[in-house]
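Read-outs throughout are calculated quantities, based only on the coordinates presented, and are distinct from any laboratory measurement. Since the structure is predicted, the reported quantities are computational estimates derived from the model, not experimental observations. With ideal geometry, Cβ positions are generated from the backbone for all residues, glycine too; neighbour counts draw on all protein chains shown.
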Amino acid sequence: MPQANPFKFGSIVEEPYFTDRIAEQADIRLVLQSETHLIIISPRRYGKTSLVKKVVATLGRPLIFLDLQLITDSSFACNFSSSYI
């Protein structure tokens, strides 16, 4: 009988599925506490969102999360950023 996959993927994960990444959490915490910009680049489904959400939760800071993955109109980003940011 095949062993079940212990990892959860395809959505934002929290405990108990989010494990380790202690060094990455520390690095992100330092950047967010300094109030500078944070950019994380990696392939899809590597846990970027889960990682940032976990760190922000420990800081007690508000978080605005926008999932723009399905936006295909390039003018949306320009209009959004000029109107709201």
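Based on Cβ point charges of +1 for Lys and Arg and -1 for Asp and Glu, what charge dipole magnitude is obtained for the stretch 22-84 about its Cα centre, in debye rounded to the nearest 20? Before the final figure, lay out each step's value.
Values: 7 positive and 5 negative charges, 48 e Å.
So the magnitude is around 220 debye.
Between exposed chymotrypsin sites (Phe, Trp or Tyr not before Pro) in the chain, where DSSP calls loop and at most 16 other Cβ atoms lie within 10 Å, what's the longest gap? All intermediate terms of the calculation are to be shown ahead of the outcome.
On the way: sites that count: 7, 9, 17, 18, 46, 65.
The longest such stretch corresponds to 19-45.
Are there trypsin sites (Lys or Arg not before Pro) in the stretch 1-36 that DSSP marks as loop and that have at most 16 other Cβ atoms within 10 Å, and which are they?
On the way: sites: 8, 21, 29; in loops: 8, 21.
Passing sites in the stretch 1-36 are 8, 21.
Mind checking the chain for GluC sites (Glu not before Pro) that DSSP puts in a loop (not H, G, I, E or B) and that have at most 14 other Cβ atoms within 10 Å?
On the way: sites: 14, 24, 35; in loops: 14, 35.
Hits after loop and neighbour filter: 14, 35.
Residue-wise, which Karplus ³J(HN,Hα) couplings in Hz belong to the stretch 46-60, taking 6.51 cos²θ - 1.76 cosθ + 1.60, θ = phi - 60°, and x for glycine or proline?
With the stated coefficients, the stretch 46-60 comes to 9, x, 4, 5, 4, 5, 5, 4, 5, 5, 4, 4, 6, 8, x Hz.
Using θ = phi - 60° and the Karplus relation 6.51 cos²θ - 1.76 cosθ + 1.60, list the HN-Hα couplings for the stretch 7-21 in order, rounded to whole Hz, with x at every Gly or Pro.
Couplings: 9, 9, 9, x, 8, 5, 10, 10, 4, x, 7, 8, 9, 6, 6 Hz.
Taking every pair of alpha-carbon atoms in the stretch 32-85, give the share separated by more than 13 Å as a whole percent.
On the way: 1025 of 1431 pairs.
Within the stretch 32-85, distances greater than 13 Å cover 72 percent of Cα pairs.
Given 12, 52, 40, which one lies farthest toward the positive end of the charge dipole of the chain, if we put +1 on the Cβ of every Lys and Arg and -1 on the Cβ of every Asp and Glu?
12
Between helix 22-33 and the chain, what is the angle of the helix's C-alpha long axis to the longest principal axis, kept within 0 to 90° and rounded to the nearest 10?
For helix 22-33, the angle is close to 20 degrees.
Compute the relative contact order of the chain as a whole-number percentage, counting only Cα pairs closer than 8 Å that sit 6 or more residues apart in sequence.
Values: 29 pairs, mean separation 22.8, N = 85.
Relative contact order, the chain: 27 percent.
Hand me the trypsin sites (Lys or Arg not before Pro) from the stretch 30-85 located in a DSSP loop with no more than 10 other Cβ atoms within 10 Å, in residue order please.
Working: sites: 44, 45, 48, 53, 54; in loops: 44, 45.
For trypsin sites (Lys or Arg not before Pro) across the stretch 30-85 that sit outside H, G, I, E and B with at most 10 neighbouring Cβ atoms in 10 Å, the list reads 44, 45.
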